[in-house]
Amino acid sequence: MPDRSHCPIVAGVHSELIEIRTGTQETVVDLTAAVEEFLDGLGGDGPAEGLLNVFVPHATAGVAVIETGAGSDTDLLAALRDLLPADDRWQHRHGSPGHGRDHVLPAVVPPSVSIPVIGGRPALGTWQSICLVDTNVDNPVRSVRLSLLADTV
Amino acid sequence: MPDRSHCPIVAGVHSELIEIRTGTQETVVDLTAAVEEFLDGLGGDGPAEGLLNVFVPHATAGVAVIETGAGSDTDLLAALRDLLPADDRWQHRHGSPGHGRDHVLPAVVPPSVSIPVIGGRPALGTWQSICLVDTNVDNPVRSVRLSLLADTV
Amino acid sequence: MPDRSHCPIVAGVHSELIEIRTGTQETVVDLTAAVEEFLDGLGGDGPAEGLLNVFVPHATAGVAVIETGAGSDTDLLAALRDLLPADDRWQHRHGSPGHGRDHVLPAVVPPSVSIPVIGGRPALGTWQSICLVDTNVDNPVRSVRLSLLADTV
């Protein structure tokens, strides 16, 4: 911990926009490595302690913290097809058939998640990954904003 | 960016409670203009950099970041009627028929969202709006708490 | 409020991991008292103003802010059984039957929520409680990380 005797501080806010290729099929993309790279790149005079926010500035994508690589990412996309069917029920119509569902997705899978940062690492559980959830097949490249409110940098 | 050479700081926490008229029908209310007004009103010695939290202190409403004005707000309310039907399945019974669904809503559409603030503006995507989602027809007026953890104010 | 005339500050980040017994049945556990105890335990030279993050470092649980003790917690578990059925549709298979649903839960009920802290207390509405939502019957004890970015401590 830094010496806060004179002026206890939060060393500030750091924010960066990264680009993620999501391709032309609905997908779940693991952002954990990119988040760790962002934190490692901050340098500073000690490991950061604070809160990391992962925000997707798009109206047809969300962020989920789930296990990846064991079927759950596919299970999530299947569940979303069931909960928000890609049919003609939606008033919002343009792009691919059923695209209106993509615009409801962020209400159920929000585009923002905040994660504690301890010792410069996201304080995730063993099986947790930070994931971009994108059912929109019309936008192959997405932006993701990583922001840290940190105690030491 | 402020000169942090002497005392790098987060200039503090700013929180304000605003009132939103939601009326007596289920509704999605766009809060984006109110959020921008809140940020503009902070003044300070430079544009704020930080994290904005939008929190609804009610047990039957949520906050969603979606596109408005193109049908998706109506689509969201329709999807919620399908996912959380206003029928007699709910153990929590009082107020309007099916009101129990309104108390499950915040588990699916959380009452809290955090959004990065860059240069004094919420770093939203082109089609994103910050929205109050209120399916509860018995509370025509709602409170919303806007809080900013900021680097410069 | 602290005197910020010389060096307006956020007094720092405070994070603590607590243990919650969830037992061997799907459950909603009210964390509000534990959160208040965490805030009370911080001491400091004034009531904290800031943002509290409640984070569950597990891949099969979430955090919801709902009313408890009036049936809505049971209603939430019933709704989740309906939205994410514990059947054999899931690709992720191990543990109890239908366990794959538990791994999709955090995408719908996120493992992270941030709540404003005003005067040292979480700024919850009258009927809001901060709840751990755990449908996983195979993990009777869970960790929850409480983190505060505060203005005065």
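The values are calculated or read from the model by the stated rules, or taken from the named source; none is laboratory data. The model shown is predicted, which means the values in this text are computed figures rather than measured ones. All Cβ positions, even for glycine, are placed from backbone atoms using ideal geometry, and neighbour counts span all protein chains on display. Note: areas computed on protein heavy atoms with side chains; ligands, DNA, RNA excluded. Shrake-Rupley method; radii C 1.70, N 1.55, O 1.52, S 1.80 Å.
With a 10 Å cut-off around each Cβ of C:27-33, the average count of Cβ atoms from other chains is 0.
Surface exposure of the protein assembly as shown, expressed per residue as accessible area with a 1.4 Å probe, stands at 37 Å². Diffusion of the protein assembly as shown by Stokes-Einstein, at 25 °C in a medium of 0.890 mPa s and with Rh set to the Kirkwood radius over alpha-carbon pairs, works out to 112 µm²/s. Note on residue A:138 and residue C:30: the model spin-label points, each 7 Å out from Cα along the C-beta direction, lie 4.6 nm apart. The mean number of partner chain beta-carbon atoms within 10 angstrom of a residue's beta-carbon across peptide A:134-146 is 1. In the assembly of identical copies, residue C:89 has its label point, taken 7 Å from Cα in the direction of the beta carbon, separated from the corresponding points by 1.2, 1.2 nm (ascending, one decimal). Taking Cβ atoms as reference points and 14 Å as the exclusive limit, the residues near residue C:27 contribute a net charge of -4, counting Lys and Arg as +1 and Asp and Glu as -1. Over chain C, the reciprocal of the mean inverse Cα-Cα separation, the Kirkwood hydrodynamic radius, stands at 16.6 Å. Each residue of region C:64-153 gets 118 Å³ once the volume of the Cα convex hull is shared out per residue. With its label point put 7 Å out from Cα toward Cβ, residue C:24 sits 5.2, 5.2 nm from the same residue's point in the other copies, in order from shortest.
Taking every residue in C:114-121 and counting other chain Cβ atoms within 10 Å of its Cβ, the average works out to 5. Model label points for residue A:82 and residue B:45, set 7 angstrom from Cα along the Cα-to-Cβ axis, are 5.7 nm apart. Sorted shortest first, the distances from the residue C:37 label point to those of the same residue in the other copies are 4.2, 4.2 nm; each point sits 7 Å from Cα along Cα-to-Cβ.
Of the residues A:149, C:22, C:43, the one whose Cα sits farthest towards the positive end of the charge dipole of the protein assembly as shown is C:22 (charges of +1 on Lys and Arg Cβ, -1 on Asp and Glu Cβ, taken about the Cα centre). Per-atom-type breakdown for chain B gives carbon and sulfur 48% of the accessible area (1.4 Å probe, protein chains only). About its Cα centre, the protein assembly as shown has a charge dipole of approximately 340 debye under the convention of +1 per Lys or Arg Cβ and -1 per Asp or Glu Cβ, with nothing else charged.
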